[in-house]
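Written below as structure tokens is the structure these notes are about.
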Amino acid sequence: MLERREKQRAKTALPGSAAFARAAAETPCVVLNLSGRGACVAFAPDMEVPRVFELRIGRDPKVQTVRVIWRRTNTVGVAFLSPRAVPDVVPG
């Protein structure tokens, strides 16, 4: 597979939560990999994920606004709308 990312993403399995504009509560998810520019996020099967949403990663109190770049079944690749500072190696 051709790698198109400018920066490699660190593999993770961080718990996350997503806030969708029409949802009353946050939706749980898992952040599978992460970089300063984006992430791969897995949701429950059949979850309808909007094009833009708020993402909280792990215990970080800061919420990131993200835009979906690609979709595959229950997994989406997202880009952060503002850069996120992450270390080269994310502790697991």
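The values are calculated or read from the model by the stated rules, or taken from the named source; none is laboratory data. What you are looking at is a predicted structure, and each value in this text was computed from that prediction instead of being measured. Cβ: placed from backbone, ideal geometry, glycine included. Neighbour counts: every protein chain shown. When the accessible area is computed, the model is the full protein with side chains, heavy atoms only, and any ligands, DNA or RNA have been set aside. Shrake-Rupley method; radii C 1.70, N 1.55, O 1.52, S 1.80 Å.
Let me confirm something: among Ala44, Ala24, which residue is farther than 18 Å from Ala79 by Cβ, open to solvent by 90 Å² or more (accessible area, probe 1.4 Å) and of a type in the set (A, V, I, L, M, F, W, C)?
Ala24
For the stretch 18-28, the tally of residues that are among the aromatic types (Phe, Trp, Tyr) and at pLDDT 95 or above stands at 0.
I'd like to verify a number: residues in the stretch 12-55 that are touching a residue at least 40 places away in the same chain (Cβ under 8 Å) and in a strand (DSSP E or B), how many? Residues in the stretch 12-55 being touching a residue at least 40 places away in the same chain (Cβ under 8 Å) and in a strand (DSSP E or B): 10 in total. Take Pro15 and tell me if it is closer than 17 Å to Asn74 by Cβ, open to solvent by 20 Å² or more (accessible area, probe 1.4 Å) and at pLDDT 95 or above. Considered against the rule, which asks whether it is closer than 17 Å to Asn74 by Cβ, open to solvent by 20 Å² or more (accessible area, probe 1.4 Å) and at pLDDT 95 or above, Pro15 comes out as yes.
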